[in-house]
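Written below as structure tokens is the structure these notes are about.
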Amino acid sequence: MFKSIFFKYFAIIAVILLASFVLLGSTLGYVLRTQWEDDKYELLQKNVNKVSEGVAVVAASEDGFLEQSDEVFSMVNTISGIIDAEIYIYDFSGEYVLCSHQNELCNHKNFTLDASLLEKVLAGNYSETGDMGGLYNQKCFTVSTPIFINGVAIGAVFSTVPMQASHRYVMQSLQAVLVYMVVVLCLAFAVIYIASARITRPLRLMAQAARKMEKGDFVQRIPVHQ
């Protein structure tokens, strides 16, 4: 059976179909992940710019110094909750200033940012997918922008979301499509099975007749359909 013409024909078509669905799923996953990153970048960038402007106003009234203040924390905490992302501020010596959950245990307070990373932030709006030089123990998506007062950079605002959020978004989206893909795949296999059986039937009959003729049975006839 496994060496029959029908099985080989059916197996080839089935493998091609399965490979096509796997390729489609992979492509769709890539497109969804890219879309998530583009949308998240736009959201985070818009809000770190807003925080940067607000912090600059407060710092200007404090003689240009970045400090923890209830006004800044309230703004950062509110925006963080709205966009569901961490927001935190460092000065340009790499020292921690404030974060959206400063009243909780966090890993920002005792971490100093690398000078090379701050230089990249200073060069313009910065984004990365990584661990922020060891700040996080998982892969994260981070966007940052400098804080300027009178053209002088005094610090930077960062906003970060775990890449697990991207994976969850992609998986939830793919699960919604998976049901339809399974239905289509089952229907396709049924059609392929029936079509393969019909196409290979004359060949199977010829093979059966040939085996009987080898045994001396020349009575076997193959029906011919016009």
Inset, instruction - Starting from the residue with the highest accessible area, list His101, His167, His108 in decreasing order, probe 1.4 Å. - result: His167, His101, His108
Legend entry - Test item: Cα-centred dipole of region 25-99, Lys/Arg +1 and Asp/Glu -1 on Cβ, debye: 420 debye
Inset, instruction - Determine the relative contact order of region 55-186: mean sequence separation of Cα pairs under 8 Å and six or more apart, normalised by residue count, in whole percent. - result: 22 percent
Inset, instruction - Mind grabbing the accessible area of Ile12 for me, 1.4 Å probe, Å², rounded to tens? - result: 100 Å²
Inset, instruction - Enumerate by residue number the chymotrypsin sites (Phe, Trp or Tyr not before Pro) in region 122-162 meeting two conditions: DSSP loop (anything except H, G, I, E, B), and at most 13 other Cβ atoms within 10 Å of the site's Cβ. - result: none
Inset, instruction - Report, by chain and number, residues whose modeled amide H sits under 5 Å from the one on Glu86, excluding near sequence neighbours (fewer than 5 apart, same chain). - result: Thr160
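The values are calculated or read from the model by the stated rules, or taken from the named source; none is laboratory data. Here the structure is a predicted model, which means the values were calculated and not measured. Glycine also receives a Cβ, built like all others from the backbone with ideal geometry; neighbour counts cover every protein chain displayed. The accessibility values were calculated without ligands, DNA or RNA, using every heavy atom of the protein model including side chains. Shrake-Rupley method; radii C 1.70, N 1.55, O 1.52, S 1.80 Å.
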